[in-house]
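Here the structure is laid out as structure tokens; the discussion comes afterwards.
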Amino acid sequence: MGKLWSAALAFVLALGAGAVSVAQVPAQPPADPGAPLSGYPRKALRLPTPAELKTATYVRDVIYGHRDGMALTYDVFKPVRKANGALVVNMVSAGWRSSWAPPEERQARYQALIDKGFTVVALYHSSAPRFQVPDAVADVRLGMRHIKLHARKYGADPARIGVWGASAGGHLALVAGLMADDGDQAAVNPLERSGNRIAAVVAYFPPTDLAALLQGRPKAGAIAFDDKLLASVSPIHAVDTRDPPTLILHGDADRGVPPSQGQAMHAALHKAGVKTELRLFAGADHDFYVKGDPAKTDAYATEAMNAMVAWFERHLKKQRVPSGS
């Protein structure tokens, strides 16, 4: 009996030793989740916490126009505390698709701005595949007129508005900043008589010259429009001395929108004497994605968001657009 007990004890001890050995095996690195949506850091792609939800109130589903009988809308996020009087518009667009979500689900994407006292607007446009890039361009230019005209209702100074977007949204952010005007007093739509000039732009990996970018690509979805319109929706052709300060953030290994698109825009703005910066992220593909390195990807996305917030803090402090806007 003693021998049996000794053998059983030895077996149990052996199992225990094996369990300890397994527990000491180094943990494997987390699986690569792929590119983050629109270059957001991971913490911005979650649902907001109950505490964060208390930092903003919403003005929901503001209608700024219509297309084919459907309403064009935006949502406003108003900071509860320490509002700084400036407003940042986010162009909600990926592949020129503008996907709506309730403000209470989207707020984490804007929390870094809200925490600094910015009012934030999520601007939606008519979307691919039913509508194409020229429709989105017309929509956001109209939407910016409405936002600027009603900014004071949202607790913001109409002379302290910035715009930010990523990829297609970055293209539309540049459209809003560089293709702005003082309004057309002869326009039938009263809203078209209002100006839409703004004070600052941040664009993540933006298409800037659509003729160069889309050459040879199949005509489908948002880009299924006449090539004759390419120049008219390419912000690089709209650069002039009245353009607002513009920050461009781009991965230097971007295969979706080559960094040459951002570099060309930066050069054109610099030549026109416009305040501009270009930051390239080493080894980053589209959406700041570094394949096989989720930590690096998230670090780049976080760095980009911090740079975006800092740009607006610098350029929306009592900035004034030219008179007549």
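The values are calculated or read from the model by the stated rules, or taken from the named source; none is laboratory data. Remember, predicted model here, so these are calculated numbers, not experimental data. Backbone-built Cβ (ideal geometry, glycine too); neighbour counts: all protein chains shown. Calculation scope for accessible area: heavy atoms of the full protein, side chains included, ligands and nucleic acids excluded. Shrake-Rupley method; radii C 1.70, N 1.55, O 1.52, S 1.80 Å.
Within the range 72-86, is there a residue that is touching a residue at least 24 places away in the same chain (Cβ under 8 Å), among the aromatic types (Phe, Trp, Tyr), within 22 Å of Gly39 (Cβ to Cβ) and part of a strand (DSSP E or B)? Among the residues of the range 72-86, at least one is touching a residue at least 24 places away in the same chain (Cβ under 8 Å), among the aromatic types (Phe, Trp, Tyr), within 22 Å of Gly39 (Cβ to Cβ) and part of a strand (DSSP E or B), which makes the answer yes. Beta carbons closer than 7 Å, at least 6 apart along the sequence or on distinct chains, pair a first residue in the range 225-237 that is under 14 Å from Leu172 (Cα atoms) with a second that is assigned to a loop (DSSP other than H, G, I, E, B) for Ser234/Thr208; Ser234/Asp209; Pro235/Met179; Pro235/Thr208; Ile236/Thr208; Ile236/Asp209.
For the range 211-251, a residue qualifies if it is out of contact with any Gly (no Cβ under 7 Å at 6 or more places or on another chain) and among the acidic types (Asp, Glu), and the qualifying residues are Asp226, Asp227, Asp240. Report yes if Lys116 is touching a helix residue (DSSP H, G or I) at 6+ places or on another chain (Cβ under 7 Å), open to solvent by 20 Å² or more (accessible area, probe 1.4 Å), within 24 Å of Ala51 (Cβ to Cβ) and not hydrophobic (A, V, I, L, M, F, W, C), otherwise no. Yes, satisfied.
Of the strands (runs of 3 or more DSSP E) entirely within the range 196-291, those holding at least 1 residues that are among the aromatic types (Phe, Trp, Tyr) occupy 200-204, 276-281. With the requirement that a residue be within 28 Å of Asp115 (Cα to Cα), surrounded by 18 or more Cβ atoms within 10 Å (Cβ to Cβ) and either at pLDDT below 95 or not polar (S, T, N, Q) (or both), what does the range 285-306 give you? Of everything in the range 285-306, those that are within 28 Å of Asp115 (Cα to Cα), surrounded by 18 or more Cβ atoms within 10 Å (Cβ to Cβ) and either at pLDDT below 95 or not polar (S, T, N, Q) (or both) turn out to be His286, Asp287, Phe288, Tyr289, Pro294, Asp298, Tyr300, Ala301, Ala304, Met305.
Residue-wise test of (1) in a helix (DSSP H, G or I); (2) at pLDDT 55 or above.
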{"position": "Ala7", "(1), (2)": "yes, no"}
{"position": "Ala10", "(1), (2)": "yes, no"}
{"position": "Gly16", "(1), (2)": "yes, no"}
{"position": "Ala31", "(1), (2)": "no, yes"}
{"position": "Gly34", "(1), (2)": "no, yes"}
{"position": "Pro48", "(1), (2)": "no, yes"}
{"position": "Glu52", "(1), (2)": "yes, yes"}
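Name the pairs: first residue in the range 102-120 and on the phi > 0 side of the Ramachandran plot and of a type outside the set (Phe, Trp, Tyr), second residue crowded, with 19+ Cβ neighbours inside 10 Å and not in a loop (DSSP other than H, G, I, E, B), Cβ to Cβ under 7 Å, at least 6 apart or on different chains? From residues that are on the phi > 0 side of the Ramachandran plot and of a type outside the set (Phe, Trp, Tyr), the pairs are Gly117/Pro79. Only residues that are more than 28 Å from Ala307 (Cβ to Cβ) and aromatic (Phe, Trp, Tyr) were counted across the range 120-168, and they come to 1.
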